[in-house]
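The values are calculated or read from the model by the stated rules, or taken from the named source; none is laboratory data. Just so we're clear, the structure is a prediction, and the values are computed from it rather than from any experiment. Here the Cβ is made from the backbone with ideal geometry for all residues, glycine too, and neighbour counts use every protein chain on show. Side chains are part of the model used for accessible areas, which takes the heavy atoms of the whole protein and leaves out ligands, DNA and RNA. Shrake-Rupley method; radii C 1.70, N 1.55, O 1.52, S 1.80 Å.
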Amino acid sequence: MSAAHLLRHSRKLRTLRDALDYDRSALVRYFSAASASFPTTGGAAAGVEKRIGGARFPQCKQPGKELETFKVSLGGLNGRYACRRAPNNCIPTTITGLNGSLSCGQVSSARSFSSSADLPPHQEIGMPSLSPTMTEGNIARWLKKEGDKVSPGEVLCEVETDKATVEMECMEEGYLAKIIHGDGAKEIKVGEIIAVTVEEEGDLERFKDYKPSTSAAPAAPSEPKAQPEPAEPKVKETEPSRIPEPKAPKTEEASQPGGRIFSSPLARKLAEDNNVPLSSVMGTGPDGRILKADIEDYLASVAKGGKREALAAPGLSYTDVPNTQIRKVTANRLLSSKQTIPHYYLTVDARVDKLIKLRGELNPLQESSGGKKISINDLVIKAAALALRKVPQCNSSWMSDFIRQYHNVNINVAVQTEHGLFVPVIRDADKKGLGTIAEEVKQVAQRARDNSLKPEDYEGGTFTISNLGGPFGIKQFCAIINPPQSAILAIGTAEKRVIPGSVDGQYEFGSFMSATMSCDHRVIDGAIGAEFLKAFKGYIENPNSMLL
């Protein structure tokens, strides 16, 4: 693996902050967290700075005596590495200790900075990688305007990632000279330049019409791979596509008001399987015949976000609502869950009369002490956490070669908002009191509704609870497992039922709640799932035992 490839694609190097500690007395600058390259010598104007991983180097020329060695501390990597710098340049030229030696001559910048001598010193800020799975992001809004002074720790903008909306903070003092991507900008690749800052207020006018260089595009590394590949696929596709052509007289044509549409049998079968109207596909075969490759190209364009206008029946009125990053990720994860995890479902009805009575006794105490009211869902979270401690096999994940059993009981709680579905986590719920759980649930739920959750608010869960009973009155439902977890508990509403009394011939009313557990059969056998629900039901029907 080349040094350039390592630096561009290593997640640890991309997300470095304060990556370099140069002699402790030198000025430490930050690089864009998404720029995965070391500065290169030559070709840049004096005063233009190049950045990597959370710090920056000024390309200054100072007299030097000999090659000097100093220590570089790389956050997120083990150990310290020695750097050497050339005599007449303060930029490090060699780093040793990271898979051998990386020379700056071997590393090309993932995005280049303006080499125009007319521009004063400036910094190009790239789209940061704010979560492990983030490849692109959206700009929700800018909190700073062009010309504003910015200081370390101030929020520049809000970035919508694949999981939440995260505030992007400024790392050092300066002035916001140019905003490349404004409010609402969509699908900005990680590393793509979104803004430019300068150190002097008098330099702002120089960047009024500034545009980043085309070489700054983060997709540059993929270009060499794009050239050799198209040659062979075209040869392979053209030959099979001609196989059905001798049978052209036997092909069926779709009847349309404007005429007939010719298609090969393979293309027609593929279109039928994927619900694609042939009238929406442009044929590239002889006389406009639709081939299999045409259907595949159409499906590929739809998968990339292409329009599928012909799927709407004529005369229908509709509105296309753009999908947010959060909804896209939720859709992909749920689809993957249903396709790859063998779900099975277990349902139990638990009587909740004692649970409701206990809640009524605890809430006055909570109010008098200034605490939050305890909800039925808070009691359900506590009961599930204690049941997981009794049956730890359900607090596990499938890891292909082994099953990982967690020692922490971290409960994700599904929260529906206008921005999408969020699952903030309550950590170590089995060790917390009901008052603490009630407080934390209300805090993270509010942050979810405000679209201000941070990664630590939703990562690290081991079990999920989804409650549609209290808010919506749903009697019973089956939820989809939230990978990599192996189970999710779906809670329905409590309803009164007539049941036999303690005396023969007499009846009484009781409130019952349905709980359905979706299990990953690779991890949780049926008997283990039943054992968990038995423990859960025991805590619900005898809630005083949760207080012991």
Going through LYS431/LYS475; LYS163/LYS431; LYS390/LYS431 one by one, the pairs whose alpha carbons sit over 23 Å apart turn out to be LYS431/LYS475; LYS163/LYS431
Charge tally for neighbours of GLY461 with beta carbon under 12 Å away, counting Lys, Arg as +1 and Asp, Glu as -1, is -3
Using amide H atoms built in the peptide plane, which far-off residues or other-chain residues are under 5 Å from ASN467 H to H?
ALA414, ILE491
Near the amide H of SER263, under 5 Å away, which other amide H atoms are found, from residues 5 or more places off or on another chain, if H is placed in the peptide plane?
ILE290
Using a 1.4 Å probe over the heavy atoms of the protein chains, calculate the carbon and sulfur portion of the accessible area of segment 122-198 as a whole percent.
44
With a ≥ b ≥ c taken as the square roots of the eigenvalues of the C-alpha gyration tensor of segment 329-546, please select rounded if a/c is under 1.5 and otherwise prolate if a/b is larger than b/c or oblate if it is not?
oblate
With r as the distance between the Cβ atoms of VAL498 and LYS534 and R0 = 22 Å, compute the FRET efficiency 1/(1 + (r/R0)^6) and round to 0.05.
0.35
Label-zone membership for segment 441-482, site LYS431, 7 angstrom Cα→C-beta point, backbone N under 17 Å:
460-463
Out of the trypsin sites (Lys or Arg not before Pro) in segment 261-296, which ones are loop residues according to DSSP with at most 13 other C-beta atoms within 10 Å?
none
Förster-model FRET efficiency, 51 Å R0, GLN506 and PHE402, C-beta, rounded to 0.05
0.40
Could you give the accessible area per residue of segment 122-198, probe 1.4 Å, as a whole number in Å²?
36
Tally up the carbon and sulfur contribution to the accessible surface of segment 329-546 as a whole percent, 1.4 Å probe, everything protein left in place.
52
Under the classification rounded if a/c is under 1.5, otherwise prolate if a/b is larger than b/c and oblate if not, where does segment 323-391 fall, given a ≥ b ≥ c as square roots of the Cα gyration tensor eigenvalues?
oblate
Label point distance in nm, LEU316-GLU459, each placed 7 Å from Cα along Cα→Cβ:
4.0
Once you have the Cα-Cα distance between THR133 and GLU541, take 0.36 nm times their residue separation minus that, and quote the gain in nm to one decimal.
142.7 nm
Arrange the peptides 447-453, 282-288 so that the one whose residues have, on average, the most other Cβ atoms within 10 Å appears first.
447-453, 282-288
Using a probe radius of 1.4 Å on heavy atoms only, what accessible surface per residue do you get for segment 329-546? Whole Å² is fine.
49
Stretched fully, the stretch from LYS354 through LYS390 gains (0.36 nm per residue minus C-alpha distance, one decimal, in nm) 10.8 nm
At 7 Å along Cα-to-Cβ for each site, give me the label-to-label distance between LYS475 and LEU548 in nm.
3.5
Extension gain from ALA303 to SER279, taking 0.36 nm per residue of separation minus the Cα-Cα distance:
6.8 nm
Shape of segment 122-198, Cα gyration tensor, a/c cut at 1.5
prolate
Distance in nm between GLN416 and ASP450 label points, each 7 Å along Cα→Cβ, equals 2.4
